[in-house]
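J.: Okay, handing you the structure first.
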Amino acid sequence: MSVHTAKSPSKFERIRLCPGSQREESRYPDQKGGPAAADGTHTHTLLELCIENGVTDAEEYLNTTITDHEGQFTVDRDRCRRVNVALGYVYGRALKAGVDPLPEVRLDSLAAFGRTDMGGTCDVHLFSKEHRFLEVMDYKDGMGVVEPDCDQMKIYALMLVAQYGAENIDVVRLTIIQPKLEYRGDKGVVHTEVSTLDLLKDTAMFMAAAALADTPDAPLTPGDKQCKYCKHKGACAALTGSMMEASGISFQNLDVAKQAAEKNPTELTAEELRDLVEAAPLLRQLLEAVEAEALRRMEAGQTIDGLKVVRGRGSRSWMFDESEMAEKLKKFGIPKDALWKTSLISPAQAEKVVWEKRDGTRKQLSDRQLKQMEAEYIKKSTGKLTVVSVADPRESAIVSAVPMFGTTELPSWLI
């Protein structure tokens, strides 16, 4: 189980970009992660288990029930497939370096940074004194692209360099393993290499950022990266002010809704459209966080004039199990063929479906069958067109043929 310090590597970028965020977040109770976080923890647990036991194929644990600090989970083929991407890379690199991979190592930050609140747990690393080489690997189970030269990876590397001795390492490789990115055709493993000397140059920057965050008046600096997972964003005056300025809307004795409605998009300049589109992700974060913060306060018994808590429409379901409910509805005169409906499972469901054979063994589609299904049975539709900042890593879509053609002079007989 990972233990998070106040300035743990996984959240240090937010602290560096917005030094005051640590002070403000400390006022909020710890929140349990959602289903995605629990799922990621389960995958890390399986990866750690495989490496600790020298297992090269995660399917050795297929259908096994495992318990970690997020609870119990049963290993399915999809999780095995993701872990095997990591295992293939880890064992390949370990074989080349002639060393054993080391999983889930708790790192102390005192030697590297002179303070104890920046420690963290490194997923996997390799160290070869013979080759004067260190590789730091971090497994990510999500779809959000993580760059290998991020703060988290550099801080892990600096703590490991301090542990093994900078004099024993010439080059450090920083590697991010994200198997789910392969689902959309991207690389599942990316890395960058940096000399130990260049890496050590970042030490002073990290120490200065940590020291600034300790000051009582550490500034709040809103931005897409640092605000995304911040607990305080729903009550952050700096974020609110930044978004209002970007959108051209103010709270100064004005009806905000009316002011926003009066902004006709067809009358905005190209520059105003660009500014608003670039601000949109952060503005959406702000609106969602503000609603969540208001609900949190009111659930705690606080009153906010002009606001109240209501329940949504909810959902309806039968009070009895399906077979019993079907019998009751038949008595109403509803025919059997009208009571039940079936539909074919989706491609994603087919990839994960598990069934039981007559002899009791559990089965899933083989890799060969999955590849055949992907190649021959699945058609992919294009996604909805969306306007984003040019900083977005996705490839631009062609929406107009005009830029593909230059100015063409018509022949005189057509004029």
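J.: In whole percent, what relative contact order does region 8-88 give with Cα contacts below 8 Å and a gap of six or more residues?
T.: That works out to 24 percent.
J.: Restricted to Cα positions, what overall size does the chain have along the principal axes? Three whole-Å values, descending.
T.: Each principal axis gives a Cα extent; for the chain these are 80, 79, 73 Å.
J.: How would 191, 42 rank on accessible area, largest to smallest, probe 1.4 Å?
T.: 191, 42
J.: May I ask which of 328/352; 7/225; 96/363; 129/180; 341/371 have a Cα-Cα span longer than 25 Å here?
T.: Beyond 25 Å between Cα atoms: 328/352; 96/363; 129/180; 341/371.
J.: Moving to a separate point now. Suppose a student asked you for the relative contact order of region 260-402, using Cα pairs under 8 Å spaced at least 6 residues apart; what percent would you report?
T.: That works out to 19 percent.
J.: Just the number please: accessible area per residue for region 46-122, 1.4 Å probe, all protein chains included, in Å².
T.: That works out to 45 Å² per residue.
J.: Dipole of the chain (Lys/Arg Cβ +1, Asp/Glu Cβ -1, origin at the Cα centre): which of 15, 319, 126 lies farthest to the positive side?
T.: 319
J.: Okay, next question. Helix-derived [θ] at 222 nm for the chain: sum -39500 (n - 2.57) over DSSP H runs of at least 4, divide by residue count, nearest 500?
T.: Estimated from H runs of four or more residues: -11500 deg cm²/dmol.
J.: Probe radius 1.4 Å, ligands and nucleic acids ignored: give me the carbon and sulfur share of the accessible area of the chain as a rounded percent.
T.: Ligands and nucleic acids excluded, carbon and sulfur give 54 percent.
J.: When the Kirkwood radius is taken over all Cα pairs of region 35-130, what Stokes-Einstein diffusion coefficient follows at 25 °C and 0.890 mPa s, in µm²/s?
T.: 168
J.: Arrange the peptides 376-385, 56-65 so that the one whose residues have, on average, the most other Cβ atoms within 10 Å appears first.
T.: Ranking the peptides 376-385, 56-65 by packing returns 56-65, 376-385.
The values are calculated or read from the model by the stated rules, or taken from the named source; none is laboratory data. Because the structure is a prediction, the values reported are computed rather than measured. A quick note on method: Cβ atoms are made from the backbone with ideal geometry, for glycine too, and the neighbour counts reach across all protein chains shown. SASA here: full protein model, heavy atoms, side chains in, ligands and nucleic acids out. Shrake-Rupley method; radii C 1.70, N 1.55, O 1.52, S 1.80 Å.
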